[in-house]
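The values are calculated or read from the model by the stated rules, or taken from the named source; none is laboratory data. As the structure is a computational prediction, the values presented were derived from the model and not from experiment. Here Cβ is always computed from backbone atoms with ideal geometry, including for glycine, and neighbour counts include all displayed protein chains. Accessible surface areas use protein heavy atoms only, side chains included; no ligands, DNA or RNA. Shrake-Rupley method; radii C 1.70, N 1.55, O 1.52, S 1.80 Å.
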Amino acid sequence: MPERLTEMLMDTWTPLIILWITVLPSIYMSPMNQSQVLPSGSSTGLKKLTEEQRVLNRSKRGWVWNQMFVLEEFSGPEPILVGRLHTDLDPGSSKIKYILSGDGAGTIFVINDKTGDIHAMKRLDREEKAEYTLTAQAVDRDTNKPLEPPSEFIIKVQDINDNAPEFVDGPYHATVPEMSVVGTFVTKVTATDADDPVYGNSAKLVYSILEGQPYFSIEPHTAIIKTALPNMDREAKEEYFVVIQAKDMGGHMGGLSGTTTVTITLTDVNDNPPKFAQSLYHFSVMEDVALGEPIGRVKANDLDIGENAKSSYDIIEGDGMDTFEITTDSQTQDGIIRVRKPLDFETKKSYTLKVEAANIHIDPRFISGGPFKDTATVKIVVEDADEPPVFSSPTYLLEVHENAAINSVIGQVTAHDPDVSSSPIRFSIDRHTDLERQFNINAEDGKITLATPLDRETNTWHNITIVATETRNHSQVSRVPVVIKVLDVNDNAPEFASEHEAFLCENGKPGQVIQIVSAIDKDDPKNGHYFLYSLLPEMVNNPNFTIKKNEDNTLSILAKHSGFSRQKQEVYLLPIIISDSGNPPMSSTSTLTIRVCGCSSDGIVQSCNVEAYVLPIGLSMGALIAILACIILLLVIVVLFVTLRRHKNEPLIIKDDEDVRENIIRYDDEGGGEEDTEAFDIATLQNPDGINGFLPRKDIKPDLQFMPR
């Protein structure tokens with residue numbers, strides 16, 4: 001503490017001594033004072049100047065002063081003397097009064113108006129305000145009349161080392177890749193000092209590491225932190241806590257210091273290969289496992305993290321490379337072994353695989369460190385399972401002719417039990433696929449027989465399902481589709497494609513084509529249809545018509561002569577025999593109806609009826625029907641008119657002398673005579689409307705007259 005106080009006193013009084021010794025002589029050496037300040041006794045010479053010289057020469061000020069300095073943070077029992085103002089116009093008779101104005105005048109700085117001494121009344125802080133601008137003026141004490149113009153001067157607050165360095169942005173966090181070489185840049189820190197960076201060494205900082213060696217170093221003046229040790233391994237230690245110190249006064253004794261912390265984290269690089277947890281893995285799997293199902297997992301551990309720890313798995317050797325596959329679980333980085341092909345215990349009971357795990361992302365800087373991969377052996381044992389029967393074929397295609405006999409064998413299916421026990425198999429037909437029960441199967445040998453006749457023209461294809469069941473375990477069932485194709489036989493005769501009716505014009509010419517007919521056959525021969533047409537043997541020499549086979553398998557009917565007449569014969573029937581080319585050939589006889597019609601000169605048919613001859617010339621049957629309809633309509637109108645006239649002649653109003661109420665009503669009951677007045681109400685008989693409660697008034701005439709029917 002005494003040493004510190006001595007240093008502060010030395011820092012405080014040294015500038016003050018310099019002020020009195022060096023600053024005041026410099027006042028006279030400054031260019032401003034050479035032009036504005038007169039030396040002592042110059043006032044006498046100034047009075048002797050001529051009037052002309054006063055006009056030409058500028059009057060000089062007589063201040064003997066320049067800028068002043070005051071030490072910050074100084075606090076003593078008395079106010080500190082900053083400086084003294086003096087003018088050569090002051091003869092020492094106390095007639096001059098000094099006045100001070102400006103920043104802090106009267107509060108911080110006070111002037112002795114007689115001597116010109118300026119004192120600092122308060123402790124000053126350069127970091128709050130570094131300088132003060134004041135104005136000084138000398139006036140006559142009696143008249144307060146200015147003796148010289150006012151002049152500005154500056155009081156500068158002189159700095160002392162009273163502020164320690166600060167790390168404004170601390171604490172810091174930084175990262176650097178592991179395994180970095182010495183001198184790799186980590187980060188840069190910055191400290192600030194509120195002291196004056198120009199005056200002295202109060203703000204001259206030097207950086208050093210208090211904690212964190214020997215792993216890191218710092219540049220003393222730039223504050224750049226670098227690695228100091230090579231090959232720092234993240235897997236060994238990931239985080240480092242470094243303490244940085246900044247000291248002012250150039251780092252010398254007595255300087256103030258501040259500290260901050262830097263947390264440095266080593267980031268991962270791929271410097272470690274994957275490593276299997278064990279060199280041999282054992283798995284067992286049932287032979288009936290579904291394809292794609294996982295049967296086991298292998299794990300290759302990697303000390304790295306993130307992308308550097310990702311590995312891919314592969315099967316590089318073994319007798320099950322085609323039977324199994326391995327994939328990578330993206331979440332756990334495990335290798336998942338799955339079944340790729342069906343397993344068969346009876347064929348192969350075990351497999352041996354060699355799997356490899358290799359890093360996906362390899363850092364070329366560390367490739368010399370060895371292969372970033374590892375291998376392990378996997379042994380897989382296949383266990384027996386009770387399997388369902390296996391058919392000799394996944395599907396069956398059978399063919400049968402449509403004329404096959406009942407109970408004839410059309411095909412056979414076979415199946416066996418793949419298990420070692422080899423259970424007997426029973427066959428059956430799924431009747432949901434054979435609702436009409438057209439087929440049967442032998443339960444022992446799987447022979448399929450015909451139960452009902454088949455017709456290709458009705459159904460060409462039949463799809464049934466055969467079921468194979470183990471006799472020892474009925475839950476083991478297999479199914480297989482069987483497709484039965486019905487083959488064609490020539491069992492249908494050809495016939496006309498449609499009912500044909502030909503029309504022959506009376507004015508037709510010999511050899512004219514009357515009609516072209518075509519035939520169809522429900523059968524489906526391999527080489528297509530070929531039809532033969534002929535007339536009946538007894539009509540081969542038909543005098544009226546003949547036939548001609550066309551290349552497109554159709555038949556043309558031709559007239560042999562002209563001069564056909566409807567009056568002579570209206571309709572001709574021409575039987576035609578149609579035969580196919582099957583084995584044996586089938587044939588049928590179809591009759592073509594030929595009508596004789598009246599045609600125009602262009603051959604357009606107009607009428608084919610004999611009655612057309614009895615009609616007037618130019619009057620057709622349609623016109624005759626229209627005339628008859630008109631006549632009938634006129635007769636109906638006349639009848640209606642006569643009926644209406646009769647209704648108009650009948651009287652519509654009842655005569656006044658006829659009173660319905662006077663009608664005699666005869667009863668077979670014997671009354672009680674005139675004295676019997678309770679048997680009936682005479683008023684009701686005279687006025688039937690009163691029954692319903694409506695009694696018409698007789699004193700007025702009704703407004704509405706009801707018309708009788």
Looking at the stretch 390-487 from every direction and averaging, what is the projected area of its Cα convex hull in nm²?
5.9 nm²
Roll a 1.4 angstrom probe over the protein heavy atoms and tell me the percent of accessible area of the stretch 275-383 that is carbon or sulfur.
51 percent
Placing one equal point scatterer on each C-alpha of the stretch 437-486 and summing with Debye, one gets log10 I(q)/I(0) at q = 0.22, 0.26, 0.28 Å⁻¹ equal to -0.87, -1.07, -1.16
If you count only protein heavy atoms with a 1.4 Å probe, what accessible area per residue comes out for the stretch 265-372, rounded to a whole Å²?
53 Å²
Under 5 Å between amide hydrogens, which residues at least 5 positions from residue 160 or on another chain qualify, with H placed 1.01 Å from N in the peptide plane?
72
Quick one: accessible surface of residue 351, probe radius 1.4 Å, all protein chains present, in square angstrom to the nearest 10.
20 Å²
Averaging sequence separations of C-alpha pairs under 8 Å and six or more residues apart, then dividing by the length of the stretch 275-383, give the relative contact order as a whole percent.
38 percent
If you roll a 1.4 Å probe over the heavy atoms of the protein chains, what accessible area per residue do you get for the stretch 495-607, in Å²?
58 Å²
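Find the accessible area per residue for the stretch 86-175; the probe is 1.4 Å, ligands and nucleic acids are left out, and the unit is Å².
53 Å²
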Check: in the stretch 316-451 the Lys pairs 8 or more apart or on separate chains whose Cα atoms fall under 15 Å apart number 5
Got a sec? What order do 155, 218 fall in by accessible area at 1.4 Å, biggest, i.e. largest, first?
218, 155
Please list 334, 233 in order of solvent-accessible area, largest first, computed with a 1.4 Å probe with all protein chains present.
233, 334
Based on the mean of other Cβ atoms within 10 Å per residue, sort peptides 502-512, 358-368 so the most packed one is first.
502-512, 358-368
Ignoring everything but the protein chains, give the 1.4 Å probe accessible area of residue 74 in square angstrom, nearest 10.
50 Å²
For the stretch 276-293, take each phi angle, set θ = phi - 60°, evaluate the Karplus expression 6.51 cos²θ - 1.76 cosθ + 1.60, and give the result in whole Hz per residue in order, putting x for glycine and proline.
5, 5, 8, 8, 9, 10, 10, 9, 10, 8, 6, 5, 9, 5, 6, 5, x, 6
For the stretch 472-596, what % of the accessible area comes from carbon and sulfur atoms, probe 1.4 Å?
49 percent
Of all accessible heavy-atom area on the stretch 74-187, the percent that carbon and sulfur account for (1.4 Å):
50 percent
